[in-house]
1. Restricting to the range A:121-140, count the residues that are within 19 Å of A:Ala177 (Cα to Cα), assigned to a helix (DSSP H, G or I) and at the interface with chain B (Cβ under 10 Å from one of its Cβ atoms).
2. Within the range A:94-105, can one find any residue that is within 21 Å of the chain's Cα centre (by Cα) and more than 20 Å from A:Ala211 (Cα to Cα)?
3. With the condition kept exactly as written, say whether any residue in the range B:182-199 is within 15 Å of B:Met111 (Cβ to Cβ), in a loop (DSSP other than H, G, I, E, B) and modelled with pLDDT under 90.
4. Quick check, is A:Leu136 in contact with a Pro (Cβ under 7 Å, 6 or more places away or on another chain) and at pLDDT 85 or above?
5. Every residue in the range A:86-133 that is modelled with pLDDT under 90, touching a helix residue (DSSP H, G or I) at 6+ places or on another chain (Cβ under 7 Å) and charged (D, E, K, R), please.
6. Could you give every pair whose Cβ atoms fall below 6 Å, whose first residue belongs to the range A:181-204 and is within 27 Å of A:Glu95 (Cα to Cα) and within 11 Å of chain B (Cβ to nearest Cβ), and whose second residue is of a type in the set (Val, Ile, Thr) and assigned to a loop (DSSP other than H, G, I, E, B), counting only separations of at least 6 or pairs across chains?
7. Return the residues of the range A:114-128 that are touching a strand residue (DSSP E or B) at 6+ places or on another chain (Cβ under 7 Å) and within 19 Å of B:Gly305 (Cβ to Cβ); say none if nothing qualifies.
8. From A:Leu113, A:Leu97, A:Leu149, which residue is in contact (Cβ under 8 Å) with a residue 60 or more places away in the chain, facing chain B (nearest Cβ under 10 Å), buried (at least 19 other Cβ atoms within 10 Å of the Cβ) and not in a strand (DSSP E or B)?
Amino acid sequence: MTPENTGTHGAVLTDPAAEPGAPVVELRGAGKSYGNIRALHGVDLKVFANQVTCVLGDNGAGKSTLIKIISGLHQHTEGEFLVDGGAVRFSTPREALDKGIATVYQDLAVVPLMPVWRNFFLGSELTKGPWPLRRLDIERMKQTADEELRNMGIVLDDLEQPIGTLSGGQRQCVAIARAVHFGARVLILDEPTAALGVKQSGVVLKYIAAARDRGLGVIFITHNPHHAYMVGDHFSVLRLGTMELNASRADVSLEELTNHMAGGTELAALKHELSQVRGVDVDELPEAGDLTAPVAPSEGKS
Amino acid sequence: MSMTRQAEPAVTTPPAPGPGRQTDGRTSRRSPALRLLARPEVGVLLGALAVLVFFLVTAPPVRDGSSMANILYQSSTIGIMALPVALLMIGGEFDLSAGVAVITSALTASMLSYQLTMNIWVGVIVALAVSLGIGLFNGWLLVKTGLPSFLVTLGTFLILQGVNLAVTKLVTGNVATDDISDMEGFAQAKAIFASSFDIGGVNVKITVVWWLVFAALATWVLLRTKYGNWIFAVGGNKESARAVGVPVTFTKISLFMLVGFGAWFVGMHQLFSFNTVQSGEGVGQELIYIAAAVIGGCLLTGGAGSAIGPVFGAFMFGLVQQGIVYAGWNPDWFKAFLGVMLLGAVLINLWVQRTATRR
């Protein structure tokens, strides 16, 4: 039994204890093809409130495609996409936002030259006054932005400074605080820690936990299993556009997660071959059998 | 204000409530003078003042009130177009067809009214529709194809240039349109687009007033409305803007239509002040508008700028254009002088901003 043949289909775990209610967002066998390229295929994913669902995968595994479907930038071409149990198909990010699904993108979360407070309210500006004179309520926006940022523990001297002058971690935090403020129920974070140093990553992880504790369902996209394991409640590993692993925190250890992420299954297969080569230490590599444990059995399908 | 910013998140423990708000504490305030200098429109204001002083010294006729009115009039015809061009530039695009679109608009109004012997207002309204339509076409094509605005509007520029000449010759048998000054509604339209009034014995053209009114309106829209926020956003980062729900398509297309409106207004001014239109004109004007916007501190790549900056930029152009004449120099030097101005202004702007924003 290899992880591939169990992970692709029917990998959804049914663990009643871990499910505090109906999933807010659910994918059933969802996939996406661009012309003749199948970027994503047969993906099952459930996102619950008060939980951090981690989606891991190497470059090109389909992580970006997955979040683009959920956030409304692209549409799925197969399977089902459900929000609150009802099938949906978003044509713009605005529709996803209206359903409470907010996305914080890795590099396009903000407009660098615009002040922090304008970025905070971009696309959802507060206004006052009747139509021909309807104008931005700058005072209220600045105050609200400041309060929301402080609630998340971010203190900035000057909300007028261009957001591009903030550090990467601060920018992510502003984007997260923004999503939380605008009533997001599901927060998608696209590799928020990818470009950050150790300390800044820790700060972002803190806000992920803070967002979860405020009752949000968080989808945390990353290729760092250590970061994922620190805050995750559920882990899904993508490989070549399909789901390789789908497991709750209770069923998977950091070591196993790391192995899956690092292409452990392939490494195991190569172990024999590598052992023939002098100078390669294979003792620490996992055996293929070690890796099958956390993968959901097919009969566990819901 | 030397040290200050470090690459660390400004994160502390949750804030203590109360009036004494804690601050990050790592950024010292820059002095107000420096912060003012960092604004692009202040840089161009200083540049314009320097050029003004230069001509006040070297060309005594400039000191006269009527010369100043003339300079302001010259500036206003550039400035009215430079405003929407600047907004479009802040929105991340530019329009090479803006110069000939002015002539297209004037030709449309003139020929339509004259050939069909209708009230002049019919031509004016149809010309507005045509101008907005050209903007709509530019914007729509840009958004649909994703081509750079350089290519799309270069195409429109060439099309309009050819159509202006060919259609005018076809309709009037001449390269210019017929005089429309005796037609119904002409006086009315002239009062709006091309009249003048006296202030303290100085004859001031109405376009100067329109120019300043439009500039004030553009500033308000840019800084105080949702739409203004969207302009900065689509120019600064289109993908981010779209992802947070800004209607990028609407914003871009409407900006092109705004340039169409400007072209219509300036076209009507030309028509009602000269009574006839030369169909081959307007070529090269688009670069003057773009230069005025850039001198005014608008970022060519979008995302930053103001509506006030281009006002000073256009003033600088008008000043140089008339100043050379008043100084008694050969007007052939105008373009060379402008080029030097453009480079000088851009370099000074850059230097002032770097110095003032250094931390």
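The values are calculated or read from the model by the stated rules, or taken from the named source; none is laboratory data. Since the structure is predicted, the reported quantities are computational estimates derived from the model, not experimental observations. Methodologically, a virtual Cβ is constructed for each residue, glycine included, from the backbone with ideal geometry; neighbour enumeration extends over all protein chains shown.
1. Qualifying residue count, the range A:121-140: 2.
2. Checked against the condition, which is being within 21 Å of the chain's Cα centre (by Cα) and more than 20 Å from A:Ala211 (Cα to Cα), the range A:94-105 yields at least one hit.
3. yes
4. So A:Leu136 fails the test.
5. Across the range A:86-133, the qualifying residue is only A:Glu125.
6. So the pair list comes out as A:Val204/A:Thr193.
7. If the condition is that a residue be touching a strand residue (DSSP E or B) at 6+ places or on another chain (Cβ under 7 Å) and within 19 Å of B:Gly305 (Cβ to Cβ), then A:Met114, A:Pro115 are the ones that fit.
8. Testing whether each residue is in contact (Cβ under 8 Å) with a residue 60 or more places away in the chain, facing chain B (nearest Cβ under 10 Å), buried (at least 19 other Cβ atoms within 10 Å of the Cβ) and not in a strand (DSSP E or B) leaves just A:Leu97.
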